[in-house]
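Values in this text are rule-based calculations from the coordinates and carry no lab data. None of the values given here were measured: they were computed from a predicted structure. We place every Cβ from the backbone using ideal geometry, glycine too, and count neighbours over all the protein chains shown.
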Amino acid sequence: MNCADVKLAYMLSCIVLSLIILSPTLAHVVSFPEGEKFSELWILGPNRMAEGYPFNVSAGVPHRIYLGVGNHLGKLAYYKVYVKLRNQSEPLPNSTAGVPSPLEPIHEFHVFLADNATWEREISFSFEQVSFNGNVCRIGGLMFDGHYAAVDKVAVWDAERNGFFIQLFFELWLYNADISDFEFHNRHVNLWFNMSTVP
Amino acid sequence: MKLTCKRYLSLITCLALLSLLVPLGFAVNSNEAAEAVNQAAADLGSAFAAVAEAEQAGANISALMAKLDVAGVFLTQAQSALRTGDYENAVSFAHACSDAIEGMVADAAHLKLTTEKAQADSFLLATIGSSVGLVLLCVFGFMGWKLLKKWYLSRLMDMKPEIRDVAE
């Protein structure tokens, strides 16, 4: 080992030591790249799995689902989940344009989540005041999470799929502190139901 | 007799009119309920913004989060009552929401300031410590290099072959 090698080894040791000495200061200054930022919105069936979702429903029969929200935005978030009901002719949110459905919500949830936290809630619902008249089914109300909402929805008989179809969907909105208001977070999940006369 | 009857009749009429007016005086109308709920929503939004700023500064906001959760539940109930036309409950829940987050903006701002000060002190301490450490490293490193070089050269000298006799 010649003098130049010894000198090189010594300098490298000093550089490594200096980095160790500087690490407390560097920890305050250097920010590591963060992963992808996103939010989650999901519905699970009555067994808290992605299966067994209610489909054939009838008046007065309660059903159970689980609604969940996840925060991966890297910071505290304030979410609002709008619950809306539509028939086949009414508009869903437009994910391409990032535009929510213009329908009025029948219920909402206010959720505060820290980064990497999740919120999940068991929800029980049933359709009330359901009447059938020819090829039209009228739904007067929806009992949702213990709250009654007068919905007055009309579902027309779908000859192709053989049923009266109604859809419950959930929109995820995020609070923007800059404008002090909520913005549609371009996420929604939905469940189709076939309203039948037989429970 | 007639005068007494007339007096009683007028008294009963007054009482009947009053009983109609009293509920009207205390009943909540839809505008008042909507205003109360909107105010509660605005208060909750402001409280959240303050807590989010404290969180960005690195503060421990778990206690404030618990209050936000409670206020969020009250606001959900208030909105639900408003939709169903139960204005009195809507106002009641709206007030409960605002009460749950009362003073939170100030608490969050104080927490943010405290955390920022603590972080600034920590950064200063780290910078001073690192500077002292680097200076010591330079000084002892230089001295160490001198000693190492001296030791290396003395070892090298010890390894020099000796000249004994020149062969003729």
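Take peptide B:53-63, look around each residue's Cβ out to 10 angstrom, count Cβ atoms belonging to other protein chains, and average those counts.
So the per-residue partner count for this stretch is 1.
Using amide H atoms built 1.01 Å from N in the peptide plane, name the residues 5+ places from residue A:73, or on other chains, whose amide H lies under 5 Å from its own.
Sorted by chain and number, the residues that satisfy this are A:38, A:116.
What ranking of B:5, B:97, A:137 emerges when the number of other C-beta atoms within 10 Å of each C-beta is taken as an exposure proxy, fewest first?
Least crowded to most crowded, the residues run B:5, A:137, B:97.
Just to check I understand the Karplus step: with θ = phi - 60° and J = 6.51 cos²θ - 1.76 cosθ + 1.60, what whole-Hz values come out for the range A:44-60, glycine and proline as x?
Once θ is set to phi - 60°, the couplings for the range A:44-60 become 10, x, x, 9, 6, 10, 7, 6, x, 5, x, 9, 7, 10, 8, 4, x Hz.
Any idea what the relative contact order of chain B is, in percent, if you count C-alpha pairs under 8 Å spaced at least 6 apart?
Answer for chain B is 24 percent.
Helix B:87-100 sits at what angle to the longest principal axis of chain B, using alpha carbons and giving 0 to 90 degrees rounded to 10?
Result, in degrees: 30.
Add -39500 (n - 2.57) for each DSSP H run of 4 or more in chain A, then divide by its residues: what number comes out at 222 nm, to the nearest 500 deg cm²/dmol?
Only helices count here, giving -5000 deg cm²/dmol.
Please arrange B:13, A:25 by counting, for each residue, the other beta carbons lying within 10 Å of its beta carbon, fewest first.
Fewest-to-most Cβ neighbours within 10 Å comes out as B:13, A:25.
Nearest 20 debye, what's the magnitude of the dipole of the range A:91-199 about its Cα centre given +1 on Lys and Arg Cβ and -1 on Asp and Glu Cβ?
460
If the limit is 21 Å between Cα atoms, which of A:7/B:146; A:80/A:153; A:84/B:67; A:37/B:112 go over it?
A:80/A:153; A:84/B:67; A:37/B:112
Determine, for B:11, B:113, A:22, the number of other Cβ atoms within 10 Å of each Cβ, and report the residues in order from fewest to most.
Ordered by Cβ neighbours within 10 Å, fewest first: B:11, B:113, A:22.
Can you pull out the GluC sites (Glu not before Pro) in the range A:135-199 whose DSSP state is coil and whose Cβ has at most 16 other Cβ atoms within 10 Å?
Qualifying residues, ordered by number: A:160.
Tell me, what are the semi-axes, in whole angstrom and largest first, of the equivalent ellipsoid of chain A as set by the roots of 5 times the Cα gyration tensor eigenvalues?
So the equivalent ellipsoid measures 55, 17, 15 Å along its semi-axes.
Compute the helix-to-body angle for A:3-29: its Cα long axis versus the longest principal axis of chain A, expressed 0 to 90° and rounded to tens.
So the helix axis and the longest Cα principal axis differ by about 40 degrees.
Give the residue from A:119, A:164, A:189 lying farthest towards the positive end of the charge dipole for the range A:109-199; charges sit on Cβ (+1 for Lys and Arg, -1 for Asp and Glu) and the dipole is referred to the Cα centre.
Selected residue: A:164.
Where a ≥ b ≥ c are the square roots of the eigenvalues of the C-alpha gyration tensor, would you call the protein assembly as shown rounded, which needs a/c under 1.5, or, failing that, prolate if a/b is larger than b/c, or oblate?
oblate
Give, rounded to the nearest 20 debye, the magnitude of the charge dipole that chain A has about its Cα centre when Lys and Arg contribute +1 at Cβ and Asp and Glu contribute -1 at Cβ.
That gives chain A a dipole magnitude of about 200 debye.
Summing -39500 (n - 2.57) over the DSSP H runs of n ≥ 4 in chain B and dividing by its residue number, what mean residue ellipticity at 222 nm do you reach, to the nearest 500 deg cm²/dmol?
The helix-only estimate for chain B comes to -30500 deg cm²/dmol at 222 nm.
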